[in-house]
Amino acid sequence: MTVKTDSAALVSLLGQTRTESGKTLLDLADLQPVLLVFLRHFGCTFCRQALDDVSKIRPELMKRGIHVVFVHLGSPERAKPYFDYFSLSDVERVSNPDGSLYQDPVFALARGSLWQIIRPAVWIGWLRGAIFKYQIGLLKEDALQMPGVFFLKDRAIANFYRHRTIADRPDYLKIAS
């Protein structure tokens with residue numbers, strides 16, 4: 001199912017948004033489908049978990065001809081060690097410290113409430129081992145920004161997932177199918 005969005009607005013936004021390597025999201029999306037993963041801040045346990053989850057399924061995504069692109073709130077310098085650690089140093093990334101791409105009506109990723117950050121699902125995620133495996137780091141970016149995942153195909157958003165809590169674990173392969 002394709003998400004109803006203003007296609008001109010999407011194409012314009014993708015054409016204006018450059019990755020850290022200088023390519024536009026539109027150029028990448030025109031080459032092959034893109035799984036666009038919006039992360040929270042790098043001090044977040046669940047941001048690190050998302051990097052690990054995508055790293056593990058990346059071979060399958062590549063086999064399907066799907067390009068992974070991450071959007072993050074940090075500087076390229078702050079982001080690099082995290083992507084390197086999870087063997088994602090060669091993926092395209094968009095540094096968006098002001099969160100404007102998250103807030104754009106095309107993606108409409110909300111800033112969360114305190115409840116979305118401390119609700120029981122988050123505590124359960126931590127207790128199931130996320131906090132022990134991924135730790136909690138320094139908060140340097142927007143702690144309230146919610147993440148999301150968008151599957152771009154044929155210049156449209158073909159599927160998406162907007163997190164309800166910071167502990168949500170989307171099924172990336174399902175989103176990209």
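The values are calculated or read from the model by the stated rules, or taken from the named source; none is laboratory data. What you see is a predicted model, and the numbers here were worked out from it, not measured in a lab. Note that each Cβ is placed from the backbone with ideal geometry, even for glycine, and that neighbours are counted across all protein chains shown.
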Please list, ordered by first then second residue, the pairs with beta carbon atoms under 8 Å, 6 or more apart or interchain, first in the stretch 145-167 and modelled with pLDDT under 95, second basic (Lys, Arg) and surrounded by fewer than 17 Cβ atoms within 10 Å (Cβ to Cβ). GLN145/ARG111; MET146/ARG111; MET146/ARG162; THR165/ARG119
Among the helices (runs of 4 or more DSSP H) lying completely within the stretch 1-74, list those that include at least 1 residues that are aromatic (Phe, Trp, Tyr), in contact with a Ser or Thr (Cβ under 8 Å, 6 or more places away or on another chain) and farther than 13 Å from PHE151 by Cα. none
Every residue in the stretch 1-51 that is surrounded by 15 or more Cβ atoms within 10 Å (Cβ to Cβ), of a type in the set (D, E, K, R) and at pLDDT below 95, please. ARG40, ARG48
If we ask which residues in the stretch 75-109 are closer than 23 Å to ILE57 by Cβ and in a loop (DSSP other than H, G, I, E, B), their number turns out to be 8
Which condition number does GLU60 fail, the rest of (1) over 14 Å from the mean Cα position of the chain (by Cα); (2) more than 21 Å from PRO170 (Cβ to Cβ) being met? (2)
Considering only residues that are surrounded by fewer than 14 Cβ atoms within 10 Å (Cβ to Cβ) and either over 20 Å from SER21 (Cα atoms) or hydrophobic (A, V, I, L, M, F, W, C) (or both), which ones fall in the stretch 93-111? PRO105, ALA108, ARG111
Quick one: in the stretch 142-177, of everything that is more than 17 Å from LEU25 (Cα to Cα) and polar (S, T, N, Q), which residue is surrounded by the most Cβ atoms within 10 Å (Cβ to Cβ)? GLN145
Candidate set from the stretch 162-177 (those that are among the hydrophobic types (A, V, I, L, M, F, W, C) and not in a loop (DSSP other than H, G, I, E, B)); member that is nearest to VAL54 (Cα to Cα): LEU173
